[in-house]
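Have a look at the structure below before the remarks.
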C-alpha cells in the first residue's frame, strides 16, 4: 500500500494542473472579444499573444504590442512605488486607502497578475489587502464600491437561497468565507460593508495556500444592522433594518448553510460570525459554531483561528523561557476580553493543558471583561465564560475578589502571560506594563492582539519601555521592531491569523475531511509553534516571516491532514483516496500539499462554443 501512496504523490506531480513549475495546460473559455477583456479571470491585458488574439477575436481591441507577463509585473510595481513616493507625508489612512485602490483596480482587471504581485510581495501587500487596512476599507466600503465581488444573501432572500446559490458562475467551489458583518475587527457593527473581510481572507487563501481563485467564494449574510450611522447613510448598500436576532437569525444562517452544502458538499466553510454586543456576549458566535461544526466542514476564524495562532505564541513563550512544552500547564495566563476570541483562546489552551497533563489538570487562567475578574460569584454569567470563572477559594490566597481590576490582578497574580483581546486601545497602560516587571517568569509575555492598530492594548514601544527589555511581545496588528540600544532588538511578533487559517483550510480540503476537529486545529497550532528554531525563539521570535507563508502553510496543512487521517475523518480528495493519504510519510504529506498549490501564470486560452 505504501507504494500506492507514493505513486499517488508522483502521479499528482506529473499531472497536477496546479503544480507551479509545470507548463500550464490550455484553459477552455466560452467567451470571445470584449467579453474576455472584461473577465478578470481570463484577461491578460496586453499580454495576449497574437495567435490567441486571432482565435479569441481580440485583433484590434488591444494595442498591437505584446507585453510579457514579467513586463506587466514590472510596470505595475513601478506604478505602485511611484504612488508610495507621491503620497509621502499624507495621512496614513489616506495612503493606505490609495494603496488598496491601486491593488483593487488590478484585482478587478487581471486576477492572474494581481495574485502574482500579491504572492511575490506578500509582506508588503498583506497589510493592505488584509489586516489592518481591511478594517478601514470595511468602514468606507459603500463609498469605495465599484464592482460586485462575491455573493450577498439577505434576510429578504429567505426561502430563495437554494436557487440563488446556483447564480454563482463557478461549477466548483473549494473555499467559502462568510460573515454577517456584526463586529469587524473590533470596529463594531458594519453591516453589509463587512464583505471586505471575506474578500481579504480569500486573497490570503489564494496567496498563502494556493487555493485556485476561480474556486473561492466570499459571502455576506446581510441580516440588517444596528449601526444608526449606517442606517442614515445615503450611500449604505445593505438592508436598512435592525439586525435579526434569535431564531429568526439562525433560520437565515441554517438556510444558507444547507444551500451551500447542497451545491458544494466538499467545500470548506470559514465563518466570521460574531454577533457580539458591548457586554462582550459571545452567544451567537459559539451558537453557530456548535450548531454546524459536526454537520459541515467548517470553522470559525475569530474563535478557532485566533485561538490557534495565540496558542502557538503561548507555546513559543514556554520555549523562549527555556522550559519544556509540558510546563505550559503551569503558566499563569491573564486574558482580558471575554468575547468569542478570548474565550476561543482559553478553550484551546485548556484542551492543550488537558492533553499534556490529563483531564485532572487545573490551569491557572484568569479571565477579565469590562467588569473585571470573572468569578463564579458573578450574576448572569455568560455560559461560554463560566468554565473559566474562578471559585472564591481559588483567589482568596491572592487577595482577589469578583470584579477585581486589571492592574490589581496583574500585581497579585504576577502572570507569566498577559493577553489582550479586548478591542480597547491603550488598555495596557504604563502602570499595568510596569507591574509585569514583577512577573514570576524570567521572560514574561505581553500579547496586545486586538485589531486594528488603534485598538491594540498597547504598542510595542510602550511594552518594551515600561515592562522591560526581557519580555516577549506579540500583537494582532503590525508594529516595527524596537531598538533597545547596545545593538539589541525588541522583536515584534504579529500573531496574525493568516499563519494558520490558510493551512487549516487547505489541509481540510485536501484530506477530504468530513469536519474540522479540535485535534486538527491543535495540530495546526503546535506545528506553527515548532516551526521556529530554538535560537530564534530564545531571541524572542515566536512567528516566522510572512515572506515564508507558503512554506508555513504547507507544513501546517500537512499537520492538519495527518490529524484528519489519524482521527479517520479523511475521505480523500480527487483521485487521492483515504488509503493513499494514510500511507503517505510525513514528508510526502508536505509535498502533496505543495503540489496542490495554484500558482499564477497565464494559461493558453482556447475558445469553445
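The values are calculated or read from the model by the stated rules, or taken from the named source; none is laboratory data. Quick caveat, the model's predicted, so the values are computed rather than measured. With ideal geometry, Cβ positions are generated from the backbone for all residues, glycine too; neighbour counts draw on all protein chains shown.
Here residue 378 qualifies as part of a loop (DSSP other than H, G, I, E, B) and modelled with pLDDT of 90 or more.
Yes/no per residue for (1) in contact with a strand residue (DSSP E or B) (Cβ under 8 Å, 6 or more places away or on another chain); (2) buried (at least 24 other Cβ atoms within 10 Å of the Cβ); (3) assigned to a loop (DSSP other than H, G, I, E, B); (4) at pLDDT 90 or above:
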position	(1), (2), (3), (4)
296	yes, no, yes, yes
305	yes, yes, no, no
315	no, no, no, yes
319	no, no, no, yes
322	no, no, yes, no
326	no, no, no, no
347	no, no, no, yes
356	no, no, no, no
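Look at the stretch 445-474: where a residue is without any contact (Cβ under 8 Å) to a residue 24 or more places away in the chain and not assigned by TED's automatic domain parsing to the domain that holds residue 337, no partner that is crowded, with 20+ Cβ neighbours inside 10 Å and not in a strand (DSSP E or B) sits 6+ places away or on another chain with Cβ atoms under 7 Å. When the stretch 203-231 is filtered for residues that are closer than 15 Å to residue 188 by Cβ and surrounded by fewer than 19 Cβ atoms within 10 Å (Cβ to Cβ), the ones remaining, listed by number, are 226, 228, 229, 231.
For the stretch 557-566, the set of residues classified as more than 11 Å from residue 592 (Cβ to Cβ) and buried (at least 16 other Cβ atoms within 10 Å of the Cβ) consists of 559, 560, 563, 564, 565, listed by residue number.
Looking only at residues of the stretch 328-341 that are modelled with pLDDT of 90 or more and under 24 Å from the mean Cα position of the chain (by Cα), we find that the one that is nearest to residue 383 (Cα to Cα) is 338. Might you let me know whether the stretch 358-373 holds any residue that is at pLDDT 90 or above and either on the phi > 0 side of the Ramachandran plot or part of a helix (DSSP H, G or I) (or both)? Looking through the stretch 358-373, at least one residue is at pLDDT 90 or above and either on the phi > 0 side of the Ramachandran plot or part of a helix (DSSP H, G or I) (or both). Restricting attention to the stretch 411-460, the residues being in a helix (DSSP H, G or I), out of contact with any strand residue (DSSP E or B) (no Cβ under 6 Å at 6 or more places or on another chain) and either closer than 24 Å to residue 497 by Cα or modelled with pLDDT under 95 (or both) number 3. Scanning the stretch 88-102 for residues that are outside any helix (DSSP H, G or I) and closer than 20 Å to residue 478 by Cβ yields 88, 90, 91. Listed here are the helices (runs of 4 or more DSSP H) enclosed by the stretch 18-87 that have at least 2 residues being touching a strand residue (DSSP E or B) at 6+ places or on another chain (Cβ under 7 Å) and in contact (Cβ under 8 Å) with a residue 60 or more places away in the chain: 50-55. If you go through the stretch 178-193 and keep only what is over 12 Å from residue 154 (Cα atoms) and either outside the structural domain of residue 269 (by TED's automatic domain parsing) or modelled with pLDDT of 90 or more (or both), you end up with 178, 190, 193.
When 376, 434, 370, 390 are checked against the criterion of being surrounded by fewer than 19 Cβ atoms within 10 Å (Cβ to Cβ) and more than 23 Å from residue 454 (Cβ to Cβ), a single residue qualifies: 376. For the stretch 285-294, the set of residues classified as modelled with pLDDT of 85 or more and out of contact with any helix residue (DSSP H, G or I) (no Cβ under 8 Å at 6 or more places or on another chain) consists of 293, 294, listed by residue number. Among the residues making up the stretch 399-410, those that are under 32 Å from the mean Cα position of the chain (by Cα), within 23 Å of residue 379 (Cβ to Cβ) and part of a helix (DSSP H, G or I) are 406, 409. Report yes if residue 85 is modelled with pLDDT of 95 or more, within 27 Å of residue 141 (Cα to Cα) and in contact with a helix residue (DSSP H, G or I) (Cβ under 9 Å, 6 or more places away or on another chain), otherwise no. No: the conditions fail for residue 85. Applying the criterion of at least 3 residues that are buried (at least 18 other Cβ atoms within 10 Å of the Cβ) to the helices (runs of 4 or more DSSP H) found wholly in the stretch 103-156 leaves 111-120, 122-129, 133-139. Looking only at the stretch 569-593, residues that are surrounded by fewer than 20 Cβ atoms within 10 Å (Cβ to Cβ) and within 19 Å of residue 265 (Cβ to Cβ) come to 6 in all.
Residue 544: touching a helix residue (DSSP H, G or I) at 6+ places or on another chain (Cβ under 8 Å), surrounded by fewer than 19 Cβ atoms within 10 Å (Cβ to Cβ) and assigned to a loop (DSSP other than H, G, I, E, B), yes or no? Considered against the rule, which asks whether it is touching a helix residue (DSSP H, G or I) at 6+ places or on another chain (Cβ under 8 Å), surrounded by fewer than 19 Cβ atoms within 10 Å (Cβ to Cβ) and assigned to a loop (DSSP other than H, G, I, E, B), residue 544 comes out as yes.
Does residue 464 fit the bill of being part of a loop (DSSP other than H, G, I, E, B), farther than 23 Å from residue 137 by Cα and at pLDDT 95 or above? Can you show your working first?
Numbers: part of a loop (DSSP other than H, G, I, E, B): no; farther than 23 Å from residue 137 by Cα: yes; at pLDDT 95 or above: yes.
Answer is no for this residue.
The single condition from (1) modelled with pLDDT under 95; (2) touching a helix residue (DSSP H, G or I) at 6+ places or on another chain (Cβ under 7 Å); (3) outside the structural domain of residue 323 (by TED's automatic domain parsing) that residue 477 fails is (3).
Restricting attention to the stretch 331-342 and to residues that are in a helix (DSSP H, G or I) and in contact with a helix residue (DSSP H, G or I) (Cβ under 7 Å, 6 or more places away or on another chain), the residue that is surrounded by the most Cβ atoms within 10 Å (Cβ to Cβ) turns out to be 341.
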